[in-house]
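The values are calculated or read from the model by the stated rules, or taken from the named source; none is laboratory data. Just so we're clear, the structure is a prediction, and the values are computed from it rather than from any experiment. Cβ placement follows ideal geometry from the backbone for every residue including glycine, while neighbour counts extend to all protein chains displayed.
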Amino acid sequence: MNQNARSARSLLLAVAALAAALPAAGRAAYPDRPITMIVPFAAGGPTDVVARIVADHMSRTLGQQIVVENVAGAGGTTGSLRAAQAAPDGYTIEMGHMGTHGAAPAAYPELKYDPRKDFAPIGLASGTPIVIVARKDFPAKDLKEFVAYLKANSEKLNEAHAGTGSVSFTTCALLNSLVGAKPTRVAYRGTGPALNDLVAGQVDYMCDQIVNLVPQIQAGTIKAYAVALPARSPALPDVPTTKEAGLPEFQVSAWNAIFAPKGTPPEIVKRLNVALVKAIADENTRKRILDLGGDLSNEAARSPEGLQKLVENEVARWNRVLRSTGAGKQGG
Ligand code: MLT
């Protein structure tokens, strides 16, 4: 090949390499339209509350609206399957949690998605401690009396939860097995609607994420017996820990995190993660979550790699816990 031909070939190769690095012709930069965030429970519950607070700030960073879509059912697994099967183009993400991406595989042996393989993790939004709450006229003045009443009368009591495998279902299954309670377990499409019935006195108790409960506890429309943490929550300074209140073995916390479908391009995962990190670093967003008792201390899980590790650990943990206690099985 003579010199001129060699030079022309080198030029062509250089142009081809440059073209490959540019976005495909006609494809605008991501995101160029609104993004859907699936919340796998009814509006007004803790997952929905955290989702809307975080999506509000993320929308500003991304320059596109994040539209929350509530897709409830089957303890959050209906919405999570929808998210897992969505196009991996960055326009469908999910606010999942310790139930949908931790306990679900043990609660649903036939689960149609694997939280460890079928998602592109974006990052942890918030930790959400668990509070034992009851209707405001429940006949127990403290946790000790509550446990004693449960032991003696659980067959007459109704416990509310958000469906098999949800956080409220799994954590109260643990509580019930610890104290030997066998209540009627009433499933809701989320603990938002469940809380309405607790306030109305239609159900007796619930184990729910703190971010759903602080306003009602502060207003005195429900009773809080204990928070399942080693130390009291700054958002509920008057509510004792389960350790203080005589039930130290009941310590459990949940979390909410953002996921995209597996196969979402790394540059889109990065854009979404940067928007999440900025939201959690934003003073006003932090205050809104902390005032509701959210825990923002786990920075490590706010990266995609850190969240993947959290999911793998949580699936293994809840598999062990639910198998050993027999709690939390479907309909359990
Ligand atoms: C749960 O129990 O998993 C959640 O609280 C459900 C919800 O966010 O409504």
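One table, with the values for the structure above:
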{"item": "Single residue of segment 163-182 satisfying the filter (more than 12 Å from the ligand (Cβ to nearest atom) and in a loop (DSSP other than H, G, I, E, B)) that is farthest from Gly45 (Cα to Cα)", "result": "Gly180"}
{"item": "Any hit, segment 71-82, residues being at pLDDT 95 or above, farther than 11 Å from Pro40 by Cβ and under 18 Å from the mean Cα position of the chain (by Cα)", "result": "no"}
{"item": "Top-ranked residue in segment 183-214 [being in contact (Cβ under 8 Å) with a residue 60 or more places away in the chain, β-branched (Val, Ile, Thr) and within 13 Å of the ligand (Cβ to nearest atom); ranked as surrounded by the most Cβ atoms within 10 Å (Cβ to Cβ)]", "result": "Thr191"}
{"item": "Selected residue (only one of Ala160, Ala140 is more than 13 Å from the ligand (Cβ to nearest atom), in contact with a helix residue (DSSP H, G or I) (Cβ under 6 Å, 6 or more places away or on another chain) and touching a residue at least 40 places away in the same chain (Cβ under 8 Å))", "result": "Ala140"}
{"item": "Residues located in segment 199-211, provided they are part of a helix (DSSP H, G or I) and closer than 12 Å to Ile132 by Cα", "result": "Ile210"}
{"item": "Criterion: more than 25 Å from Gln218 (Cα to Cα), assigned by TED's automatic domain parsing to the domain that holds Lys223 and among the basic types (Lys, Arg) - qualifying residue of Lys151, Lys136, Lys144, Lys117", "result": "Lys151"}
{"item": "Residue tally, condition touching a residue at least 40 places away in the same chain (Cβ under 8 Å) and either closer than 14 Å to Pro121 by Cα or outside any helix (DSSP H, G or I) (or both), over segment 278-304", "result": "12"}
{"item": "Residue list for segment 230-248, restricted to those being assigned to a loop (DSSP other than H, G, I, E, B), within 23 Å of the chain's Cα centre (by Cα) and surrounded by fewer than 23 Cβ atoms within 10 Å (Cβ to Cβ)", "result": "Pro230, Ala231, Arg232, Ser233, Pro234, Ala235, Leu236"}
{"item": "Matching residues, segment 83-126, being charged (D, E, K, R) and either assigned to a strand (DSSP E or B) or surrounded by 17 or more Cβ atoms within 10 Å (Cβ to Cβ) (or both)", "result": "Glu94, Asp118"}
{"item": "Qualifying positions in segment 80-100 - charged (D, E, K, R) and away from the ligand (no atom under 15 Å from the Cβ)", "result": "Arg82, Asp89"}
{"item": "Residue count for segment 40-67, restricted to those that are crowded, with 20+ Cβ neighbours inside 10 Å and either on the phi > 0 side of the Ramachandran plot or outside any helix (DSSP H, G or I) (or both)", "result": "5"}
